[in-house]
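Undergrad: Got a structure for you, questions after.
The values are calculated or read from the model by the stated rules, or taken from the named source; none is laboratory data. None of the values given here were measured: they were computed from a predicted structure. For neighbour counting, all protein chains shown are included, and Cβ atoms are generated from backbone atoms with ideal geometry for every residue, glycine included.
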């Protein structure tokens, strides 16, 4: 009888440990968040480029809150890197929810001018916005690729 009671306790402990490991695995292998560019607001212009405020919308598909200490990012337009940077802003996005973060960016006129022939040739402005969100334990990558079809401008 005593051995049977101990066996039952061991089985319940094993189930509990396996359940805890499954939960831990979800935290160690999080689902990639979705990051959308919500708005770009030009703040300043100089002879070399623009300073803008990029508003990002982060969607957290994980069943745990995303608390981060910053992110790094790169954006390319028509295959040309037009901006990159890093922010140390605290980010908090609820589990299965979304949140916004504002990121200051610097865009050089030279990088924009480099993309114009490519975009005019194809009529499509393809872009990629990627980077990673920095948590205390690990970095979570994000990647968004899309394209904008430009209206035909002819004579």
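Undergrad: List the strands (runs of 3 or more DSSP E) that sit entirely inside segment 62-155 and contain at least 2 residues that are touching a strand residue (DSSP E or B) at 6+ places or on another chain (Cβ under 6 Å) and farther than 14 Å from residue 35 by Cβ.
TA: Of the strands (runs of 3 or more DSSP E) lying wholly inside segment 62-155, those with at least 2 residues that are touching a strand residue (DSSP E or B) at 6+ places or on another chain (Cβ under 6 Å) and farther than 14 Å from residue 35 by Cβ span 70-77, 80-87, 98-108, 124-134, 139-149.
Undergrad: Starting from segment 65-84, keep only residues that are assigned by TED's automatic domain parsing to the domain that holds residue 140 and surrounded by fewer than 20 Cβ atoms within 10 Å (Cβ to Cβ), then list their pairs with residues that are at pLDDT 90 or above and in a loop (DSSP other than H, G, I, E, B) whose Cβ atoms are within a distance under 6 Å, requiring at least 6 positions of separation or different chains.
TA: 65/94; 65/95
Undergrad: A further question follows. Going through segment 93-107 one residue at a time, which ones are closer than 17 Å to residue 132 by Cβ and at pLDDT 90 or above?
TA: Within segment 93-107, 93, 99 meet the criteria.
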